[in-house]
Amino acid sequence: MEDTIKVAGGTGLTADDIKSGKIFLTEDSLDCAYAWDTGVAVNRYLAELKQGKIIATRCKKCKRTMLPPRLFCELCFIPCSNWQYVQDTGIVNTFSICHVHWDATRIGKDEKPHLPAVIEIDGASEGMGIMHLLGEVDPEEIKIGMQVKAVWKPEAERTGSIIDIKYFKPL
Amino acid sequence: MGILERNSRNIDNRCWNPGIKAFPVKNVYTAGVAGQRFFEELKENGKIYGSKCEKCGLTYVPARIYCEKCFDHLLEKDWVDVGIEGTIYSYTLVCKTKSGGPKEKPSIMAAIRIADGLLIHRLGDCREEELEIGRPVKAEFKPKQDRTGSIEDIMHFKPL
Amino acid sequence: MMRKVAIVGAGMTSFVRRALETPKELSYQATKVTLDSCGLTLDDVDCIAHGTAPDAFDGLHQNGEYMVDGCGGWNKPTMRVYVGGGTGIHAVVHGWHHVASGLFDTCLVVCEEKMSSALPHAQAFFLTIFDSITERPLEPNLLWIFALEMNRYMERYGYTKEDMALVAVKNKQNGLKHPASQFSEKVTVEDVVNSEMMAYPVSRLDVSPVSDGAAAVLLASERVARRLTDKPVWIEGVGWSLDTAYWATRDLYYPRYTDTAARMAYDMAGIREPDKEIHVAEPYDPFDYKALHHLEGLQLSPRGKTVELLRDGHFDIDGNLPMCPSGGLLGVGNPIAAAGTMKVCELFWQLRGEAGQRQVPGNPRRGVAQSWGDLMQVSSVVVVGN
Ligand SMILES: [Zn+2]
Ligand SMILES: [Zn+2]
């Protein structure tokens, strides 16, 4: 059957085309930085992390205890002003063993792979996960459903950041 | 207190800043089908090329592969050497650096009319008093061995 | 009262790893070939709906404005839409509004992406999609969220990496017959499973490539469509939906956003039993598992039974419900926004019997295309029929 698809353009270049210098290229980088307001709810979250505690907000309508805490429940669309401490333990909802850095360069042979996970925090509503890292664990041993506990930085080193928790380790 | 100082504080000021953590990404741009030929001519022959749409009677500078008005493909036969002279369509004195800081000596940036195109470039080798909209200018090229196939192969335009 | 809207032309560039063309030139090539395909000129076009995914890839802030003359937008009402990876099909929905509303009789939909401009790798630019305060300090990378979702999906139904690899093998096989494909090599399940492990369970060949390219379709009102062609392909339904951006707080094994978007589109199209009434499907497949995940969300396969159907050949070109006959993102390439529009182009060609070697047998009369993006939370769906 005749292929009547209309295709035009899309001239592929090879690495050699680039290396030979025949192809004119212009490079630029933005060289800029950002700083973000933490917002009302997350500011409290970070301040509590600095104290070694995890705090959530609770919606009085749908009764969800939410992490990260938020100023409003996005499902009921009403304000949330009830703060509630939750545990620093949880279960692994899902995980990965990552051999690639954020910029797609490969993690070296002598470096450890990154172990990102979604962790459902005990005391928050079911399924209320946060993204964090796993540690002190053989990657082969990680299982979905595994119980884990936060490993905190020493108090003096905490800055009010999500990385005041170094990682979660198996219980 | 400047806004940058404030941002360098931590959560006490409700700001979170990764601080020293850089985001070292960059972009690299190909010149494109038309650009490849345009810059080749600039680099090798010190010539500026446009492309003419016969239907619309317009000569685009820099040259393109299509007419944006009638969408005709502009082909090899439509390429025209438009010379290296133009006129000042408008200009501005730039007194600040890219990031807004003070600049030692102002530079002069101009939109230069060549055929039906407007080329944005620097004006050089001239005094402020010489600037005038409508004044003819001429491209001054870098020595051939220093040219790389870039808009910077033209050092600046000089008022005539 | 909504008017009927038809697709009357389609076209695209080749998808390549790194294109010589500028984003403007890519847009022009796809747009021009689309106009030529239905014998129209720019004078016949009333408005433009265009799309491109993150500006960061092309490295051109406000890439939509930059692209505009390459899309035929000079001096015409032009509007860009952006929902990340969902953009390519969302732009078609967006164009549909322009014509269905009665405001315009023709609308050009053009999507472009030039990912090769981004260095060291397009993936790096995705760091900025994560929450700047609660996630970015963990130095996440884009692969994490796919790996986390894929793992959860596989765990939920007991699927294996070999199961997922079947999709990559099948789609890449289909893609070999697509004239715009950036691939020329067949792969096997072993190739996929043994390819470099990037982020367990994601291996390199589970993932679609980085690509440059553009694709376009021309939409027309019924009056204009009937004048132009004997074979209009009607847009029978459109749907879209976004789930919460707190992505870690919803269960990742089921794409609820796709479910919602699909039901909206099926309702509009009067479809009650999608698995019987849809004859060809182009679910979004940037990763192999995503095609299956999305088929479930699109109500084209029962949850947890999709691998069984896949193994039975149900989704093959000559199966009951051919999936990604184009080759999809895995088989043709993935210039983000353009890849979604490519799927609508494919349905246009399939329903007109113009898909050459990839033609689905039995004169398919109805198809669905879907794309997905933002923070794994958006789906856009288009149902077409003739
Ligand atoms: Zn609520
Ligand atoms: Zn013209």
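The values are calculated or read from the model by the stated rules, or taken from the named source; none is laboratory data. Because the structure is predicted, anything quoted here is derived from the model rather than measured. Cβ: placed from backbone, ideal geometry, glycine included. Neighbour counts: every protein chain shown. For the accessible areas, the whole protein counts, side chains as well, though only heavy atoms, and no ligand, DNA or RNA atoms are used. Shrake-Rupley method; radii C 1.70, N 1.55, O 1.52, S 1.80 Å.
Any residue in the range B:88-109 that is of a type in the set (Asp, Glu), touching a residue at least 12 places away in the same chain (Cβ under 8 Å) and either away from ligand 2 (no atom under 16 Å from the Cβ) or away from every other protein chain (no Cβ under 11 Å) (or both)? Looking through the range B:88-109, none of the residues is of a type in the set (Asp, Glu), touching a residue at least 12 places away in the same chain (Cβ under 8 Å) and either away from ligand 2 (no atom under 16 Å from the Cβ) or away from every other protein chain (no Cβ under 11 Å) (or both). When restricted to residues that are touching a helix residue (DSSP H, G or I) at 6+ places or on another chain (Cβ under 6 Å), of a type in the set (A, V, I, L, M, F, W, C) and within 28 Å of C:Ala199 (Cβ to Cβ), the range A:49-97 contains 2. Restricting attention to the range A:116-123, does a residue exist that is open to solvent by less than 20 Å² (accessible area, probe 1.4 Å) and not aliphatic (A, V, I, L, M)? Looking for residues that are open to solvent by less than 20 Å² (accessible area, probe 1.4 Å) and not aliphatic (A, V, I, L, M), one finds at least one in the range A:116-123, hence yes.
Scanning the range B:45-56 for residues that are closer than 24 Å to B:Ile154 by Cβ and in contact (Cβ under 8 Å) with a residue 12 or more places away in the chain, we see that the one that is farthest from ligand 2 (Cβ to nearest atom) is B:Gly46. Among the residues of the range A:65-76, those that are near ligand 1 (Cβ under 9 Å from one of its atoms), open to solvent by 10 Å² or more (accessible area, probe 1.4 Å) and out of contact with any Pro (no Cβ under 8 Å at 6 or more places or on another chain) comprise A:Glu74, A:Leu75, A:Cys76.
Is the range C:4-12 home to any residue that is within 11 Å of chain A (Cβ to nearest Cβ) and under 22 Å from B:Gly32 (Cα atoms)? Yes: one or more hits. The set of residues in the range C:122-143 being outside any loop (DSSP other than H, G, I, E, B) and at the interface with chain A (Cβ under 7 Å from one of its Cβ atoms) consists of C:Gln123, C:Ala124, C:Leu127, C:Pro137, C:Leu138, C:Leu143.
Quick check on C:Leu166: is it under 27 Å from A:His99 (Cα atoms), open to solvent by 10 Å² or more (accessible area, probe 1.4 Å), modelled with pLDDT of 95 or more and more than 13 Å from chain A (Cβ to nearest Cβ)? Taking the combined requirement at face value, the residue satisfies it. Only one entry of B:Lys52, B:Lys77, B:Lys43, B:Lys26 meets the criterion of being of a type in the set (D, E, K, R) and in contact with a Gly (Cβ under 6 Å, 6 or more places away or on another chain), and that entry is B:Lys43.
Scan the range A:100-112 and give yes if some residue there is open to solvent by less than 40 Å² (accessible area, probe 1.4 Å), at pLDDT 95 or above and touching a strand residue (DSSP E or B) at 6+ places or on another chain (Cβ under 8 Å), otherwise no. Looking for residues that are open to solvent by less than 40 Å² (accessible area, probe 1.4 Å), at pLDDT 95 or above and touching a strand residue (DSSP E or B) at 6+ places or on another chain (Cβ under 8 Å), one finds none in the range A:100-112, hence no. What are the residue pairs meeting all of these: first residue in the range C:169-183, first residue basic (Lys, Arg), second residue surrounded by 18 or more Cβ atoms within 10 Å (Cβ to Cβ) and in a helix (DSSP H, G or I), Cβ atoms under 8 Å, and 6 or more apart or on different chains? Short answer, once both residue conditions are applied: C:Lys170/C:Leu310; C:Lys172/C:Leu330; C:Lys172/C:Gly331; C:Lys177/C:Arg358.
Every residue, every condition in (1) more than 16 Å from ligand 1 (Cβ to nearest atom); (2) closer than 21 Å to C:Thr244 by Cβ; (3) touching a residue at least 60 places away in the same chain (Cβ under 8 Å), yes or no:
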{"site": "A:Phe24", "(1), (2), (3)": "yes, no, no"}
{"site": "A:Tyr45", "(1), (2), (3)": "yes, yes, no"}
{"site": "A:Glu48", "(1), (2), (3)": "yes, no, no"}
{"site": "A:Lys63", "(1), (2), (3)": "no, yes, yes"}
{"site": "A:Ile78", "(1), (2), (3)": "no, yes, no"}
{"site": "A:Tyr85", "(1), (2), (3)": "yes, no, no"}
{"site": "A:Ile91", "(1), (2), (3)": "yes, yes, no"}
{"site": "A:Asp110", "(1), (2), (3)": "yes, no, no"}
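Against the conditions (1) under 30 Å from C:Phe125 (Cα atoms); (2) among the polar types (S, T, N, Q); (3) within 14 Å of another protein chain (Cβ to nearest Cβ), C:Asn363 satisfies every one except (1).
Yes/no matrix, rows are residues, columns are (1) more than 20 Å from the chain's Cα centre (by Cα); (2) open to solvent by 10 Å² or more (accessible area, probe 1.4 Å); (3) away from chain A (no Cβ under 14 Å); (4) at pLDDT 95 or above:
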| position | (1), (2), (3), (4) |
| --- | --- |
| C:Glu222 | yes, yes, yes, yes |
| C:Tyr246 | yes, yes, no, no |
| C:Ala262 | no, no, yes, yes |
| C:Asp267 | yes, yes, yes, yes |
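Summed over the range B:57-79, the residues that are more than 11 Å from chain C (Cβ to nearest Cβ) and either away from ligand 2 (no atom under 14 Å from the Cβ) or closer than 18 Å to C:Leu40 by Cβ (or both) give a count of 5. Residue-level check: of (1) open to solvent by less than 70 Å² (accessible area, probe 1.4 Å); (2) in contact (Cβ under 8 Å) with a residue 40 or more places away in the chain, A:Ala35 misses just (2). Among residues of the range B:7-26 being in contact with a strand residue (DSSP E or B) (Cβ under 6 Å, 6 or more places away or on another chain) and facing chain C (nearest Cβ under 7 Å), the one that is modelled with the lowest pLDDT is B:Trp16. The set of residues from the range A:50-61 being near ligand 1 (Cβ under 10 Å from one of its atoms) and open to solvent by 10 Å² or more (accessible area, probe 1.4 Å) comprises A:Arg58, A:Lys60, A:Lys61.
Of everything listed in (1) within 11 Å of another protein chain (Cβ to nearest Cβ); (2) touching a strand residue (DSSP E or B) at 6+ places or on another chain (Cβ under 7 Å); (3) over 27 Å from C:Arg156 (Cα atoms); (4) open to solvent by less than 70 Å² (accessible area, probe 1.4 Å), the single unmet condition for A:Gln84 is (1). Filtered by the rule that a residue be over 22 Å from A:Gly129 (Cα atoms) and touching a helix residue (DSSP H, G or I) at 6+ places or on another chain (Cβ under 6 Å), the range C:145-163 gives C:Tyr159, C:Lys161, C:Glu162, C:Asp163. For the residues B:Glu85, B:Glu68, the requirement of being under 15 Å from C:Asp69 (Cβ atoms) and not hydrophobic (A, V, I, L, M, F, W, C) singles out B:Glu68.
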